[in-house]
Each structure stands twice: as C-alpha cells, then as structure tokens.
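Working notes, beginning with the structure itself.
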Amino acid sequence: MALAAVAGGIHTFTDAPPSSTAATAGKEPREPSRQELGLLHEAGQILLRDCMRRKGFAYQPVKENPVPEAREFPYVLNDVAWAREHGYGTDIQRELSELRKTDANQRYFRALPAKRRAAALAAANGSRPLTVTARTPDGMLYQRSPEGCQSEADATLYGDLEKWFQAKVTADALTELRHAKVTADPRFAEAVKPWSACMRAAGRPATSPADLRAATGSRRSPLPRDEEIALAVTEARCARTSGLADAARDLDLQYGRSLDRQYQPAVRTYRELQLNALSRARDLTQKAGTSS
C-alpha cells in the first residue's frame, strides 16, 4: 500500500520580468511559490503542445496535479483530517489510475500506427545521440536528446537547456537525499519510539512508519476501506501527540538548509532559471488564453 498518492501530472508518450524576480548580487534567489511553479508547468505544456502540432501530432496539455488532494508524507502520515478522508490514499491512487487509462494523449498515442508512434516519440523526446547530460550528487548519470519538443520547450522557457537539465536533476536528487538523511538520523529514530508506543497503546503495534507501510503493502488483499482509514487516523494522531511529526519537520528543515548550502551553485541556478522564466511563462499563458 502506498503511503499516499503522489502528486503529479499524467505521463504522456511513455516508451514578473527577470530584473525584478531573479536574484540580485549578494542575495540568494527565493524559492518560487506553488502558484508560480504551476504557471511554469502550464507554460511548458503549452510549448510542448505547440511544438508537437508543428511536427504533425496532437497533444493536449496535462495538469500539474490532476488530483489536488494527492499529497506525499515521506516520514509519517501526520494529517488527521486527510487520513480521515483518504486513509493512505488508495482512493487517490485509483483515481489517478483511471485518469491514466482515459488520458487523451495516451489514447491518441496508442491508436497511431507503429511507424507514426515511433515518429511521435522521436518528436516528443528527440533521438540519439543523447548529448545533454547531468549527474546527481551521488554520481548517477542522466542523459537526454537536445532535440525533440520537450527539450525545445525547456530551452524556450528556461533559456539554457544544459544548465536547466543539470540544475533540475540536482534539485530533484536533493529531495530524495534529504528524505534519506532525515530517516537515517538517530534523532528521528528516537522520535519514532514514543510514536511506536502510542500505536501499541492504541492496539496498532508498529515499530516505525516504514515498517507499518511495508506490512500493509505486503498484504495479498488491500485493507477494507474502514480499516484503512482507522489505521491511518491512528498513525496521524500518534504522529501529532508523540512529537514525531514535529521532529520530522525540524529535521527536514535542517537537512534542507544544509543541502542547499552544500549544493548552493546548483540550487541558485535552479531558482534563478525558474524566476527568470516567469515573465515568459506569463506571456505564453496569457497569449494562449486569448487565442483559445
């Protein structure tokens, strides 16, 4: 069983002016707001759609988060109200699964003849050689083609494809690295102990949130809906009353700041590129709204 449905758009084709928004000298760029990130996603989808059309293929922009209720809880489920409504998010997972099945882009892609399908993939993702490369902090290599509509959209929006790709790969990797550091910290393990005692007292023995997730996920059949919700609510209540939720939040902030300092050049570049792209994103979305 998943901890919670992961926010994000549906996969497709699977097989403010810069001077006022960017960082000024000596000042670190701010993190874009949730609304601004949504604007950048929308603009990128418009660019992808227009490029695919020019190459003779249909593409419908997808929402950044087609199910707004989807959330991630990387350390422990800590929202009682959310747990009471969604349990561990299996209802959201089902909704996302249904959306993928009915996704217009996937239906269009699957209906194409084999040669056209291959051409559509090449149009979207480019083809070899994959000369745009980036490495994560732990050395994993990522590659992509400089051609294709996705690369064209990123280059148009962010200005420098190679710089954007490296910065984004690093930023994405830092999220996972932060989560790993938090859960490996002895202070997190200590904070889990009173949570575990709370769960045991409630008749739901569990040594850790991760073990609870593994145990429920290994079941041959999913928990009945009422049992799933009851277990999730108990976990969330214990996370709040035991102090685990607060400890996880504090550690997450601590390691987030530490990693941002450690990888400051990449983080700075990532945020600068995002902030500098906002004016272009606004223009694109406004023009798209006018022409629609």
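Ranked by Cβ crowding within 10 angstrom, fewest neighbours first, how are Val169, Val76 ordered? If you can, show how the numbers build up before the last one.
Details: Val169 21, Val76 25.
Starting with the residue having the fewest Cβ neighbours, the order is Val169, Val76.
Listed values for the stretch 77-89 are Karplus-derived 3J(HN,Hα) couplings in whole Hz (6.51 cos²θ - 1.76 cosθ + 1.60, θ = phi - 60°), namely 5, 10, 10, 5, 5, 5, 5, 5, 8, 10, x, 9, x, and x replaces Gly and Pro.
Please arrange Met52, Met140 by counting, for each residue, the other beta carbons lying within 10 Å of its beta carbon, fewest first.
Ranked by crowding around the Cβ, least crowded first: Met140, Met52.
Peptides 93-104, 243-254, 196-207 ranked from most to least packed by the mean count of surrounding Cβ atoms within 10 Å: 243-254, 196-207, 93-104. Under the shape rule built on the C-alpha gyration tensor, where the axes satisfy a ≥ b ≥ c, the stretch 173-292 is oblate, since a/c reaches at least 1.5 while a/b does not exceed b/c.
Cα centroids of the stretch 225-292 and the stretch 29-95: 12 Å apart.
About its Cα centre, what dipole magnitude does the stretch 95-209 give when the only charges are +1 on Lys and Arg Cβ and -1 on Asp and Glu Cβ, stated in debye to the nearest 20?
Numbers: 18 positive and 13 negative charges, 99 e Å.
Dipole of the stretch 95-209, to the nearest 20 debye: 480 debye.
Here semi-axes √(5λ) of the Cα gyration tensor in Å was computed from the coordinates, and among (1) 26, 24, 23; (2) 28, 23, 18; (3) 37, 26, 18 the match is (3).
We did not get these values from a lab; they are worked out from the coordinates using the rules stated. This one's a predicted model, so the numbers in the text were calculated from it and none came from an experiment. As a convention, Cβ positions derive from the backbone with ideal geometry for all residues, glycine included, and neighbour counts pool all protein chains shown.
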